[in-house]
Amino acid sequence: MTENNVYVTRPFISDPDLISQKIAEVLKSGQLTNNGPKVVEFENALASKLDVEHLSVFTNGTLALMIALKALDLTGEVITTPFTFAATVHALQWLGLTPVFCDIDPESMCIDPTKIEQLITPRTSAILGVHVFGFPCDVEAIENIAERHGVKVVYDGAHSLLTQFKGRSLSHYGDITMHSFHATKLLNSLEGGALIFKSAEMKEKSFLLNNFGIRGEENIFLPGLNAKMNEVQALVGIENLKQLHSEIEKRDIVYRKYSELLGNVDGIRIPQQPACSSHSYQYFPIIVADGRRDVIHSALKEAGIHARKYFYPLLSNIETYSNLPSARRELLKVANDISDSVLCLPYFGELDEETVVKICNVIKNA
């Protein structure tokens, strides 16, 4: 790296010159939004890549998640994890749904299915799982719980676009899965998101919710909003998707180097992808023992290396949610422990070996 500061990620842009040229063509076309040809092309390319049938793209992942929750007509309480980015739980709050926090599994860092069932009440309408850092939730166990209790399942797959579970995309699980194409994600469209639906009916309902509830020119069927992806976003997504394999190959090299240098360091644990799933190549988290996470974080920052304490503070501990009965620390012991000890290191394709070695040396010395 030639710059003075190294950040936790760097947006992957496949070919800036080609994309600039094609953006000019889009601008001259006269259609910039409202489900134009680039949006349709991006949706088709993603559906083919993920081998799914019902997919729609949106201007960002947060609005996509809100539309997913609205499309399922959820009410009352939704069981979810406090160990996630704020947008996940905020989406529930915006829709008047009550989050019920469930502790996490110490290995996957995803919602712990063995703790879900005891939280289900007559007011529970759904389970909102998060594939944290691309590690898959226990989708089979969650599916069984949902079927027994007649509740919906939504997945926040912001980190898990290309993760496969037992040879198929994680997007096949749940009633709806959301993906994010924010600039920090493996695949980005500058900003963006997608929903994958179990049924065509849900896709159609989400279209109405994303188009002010309007179908045609004169028929308004329900109160909707506008979260439509524009043509420039879609174009960037298309071009980045075409070359995403090159970014993955580079990230794999970085992953292996980190693992080599940190794999046997006392007090450092590198979470492992389950044998039945593929790598997401989204983040490189480490778990730091003995309360040393903040010491390492500060040492890296002094060296111009900006790692991130994802996800800290734990959402159950912030003022907005801390008064919920499910937010008590004794009920969320694992989530609190992980939140206090996890650190995501810089991780992107252009991260060179020299910088990786420097990062690892700072960690060892700290």
Residue count for segment 39-55, restricted to those that are under 16 Å from residue 200 (Cβ atoms), open to solvent by 90 Å² or more (accessible area, probe 1.4 Å) and either of a type in the set (Val, Ile, Thr) or not in a helix (DSSP H, G or I) (or both): 1
Residue, surrounded by the most Cβ atoms within 10 Å (Cβ to Cβ), within segment 95-117, restricted to residues that are touching a Cys at 6+ places or on another chain (Cβ under 9 Å) and either in the same structural domain as residue 333 (by the TED database) or assigned to a helix (DSSP H, G or I) (or both): 116
Among residues of segment 270-301, those that are crowded, with 17+ Cβ neighbours inside 10 Å and under 22 Å from the mean Cα position of the chain (by Cα), counted: 11
Within segment 305-339, tally of residues that are free of Cβ contacts under 8 Å to residues at least 60 places away in the same chain and over 22 Å from the mean Cα position of the chain (by Cα): 7
Any chance residue 134 is touching a residue at least 40 places away in the same chain (Cβ under 8 Å) and either at positive phi or in the same structural domain as residue 333 (by the TED database) (or both): yes
The lone exception for residue 217 - which of (1) open to solvent by 30 Å² or more (accessible area, probe 1.4 Å); (2) acidic (Asp, Glu); (3) within 21 Å of residue 88 (Cα to Cα) it fails: (3)
Filter result for the condition that a residue is touching an Asp or Glu at 6+ places or on another chain (Cβ under 7 Å), surrounded by fewer than 20 Cβ atoms within 10 Å (Cβ to Cβ) and of a type in the set (Val, Ile, Thr), over 357, 334, 362: 334
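Okay, residues lined up against (1) surrounded by 24 or more Cβ atoms within 10 Å (Cβ to Cβ); (2) touching a His at 6+ places or on another chain (Cβ under 7 Å); (3) within 27 Å of residue 340 (Cβ to Cβ):
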| site | (1), (2), (3) |
| --- | --- |
| 92 | no, no, yes |
| 120 | no, yes, no |
| 140 | no, no, no |
| 144 | no, no, no |
| 164 | no, no, no |
| 167 | no, no, no |
| 199 | no, yes, no |
Candidate set: segment 250-306, residues that are assigned to a loop (DSSP other than H, G, I, E, B) and among the hydrophobic types (A, V, I, L, M, F, W, C); chosen: the one modelled with the lowest pLDDT: 275
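The values are calculated or read from the model by the stated rules, or taken from the named source; none is laboratory data. In this text, all values refer to a predicted model and were calculated from it rather than measured experimentally. Note that we place each Cβ from the backbone using ideal geometry, even for glycine, and neighbour counts take in every protein chain shown. Side chains included, ligands, DNA and RNA excluded: accessible areas come from the protein's heavy atoms. Shrake-Rupley method; radii C 1.70, N 1.55, O 1.52, S 1.80 Å.
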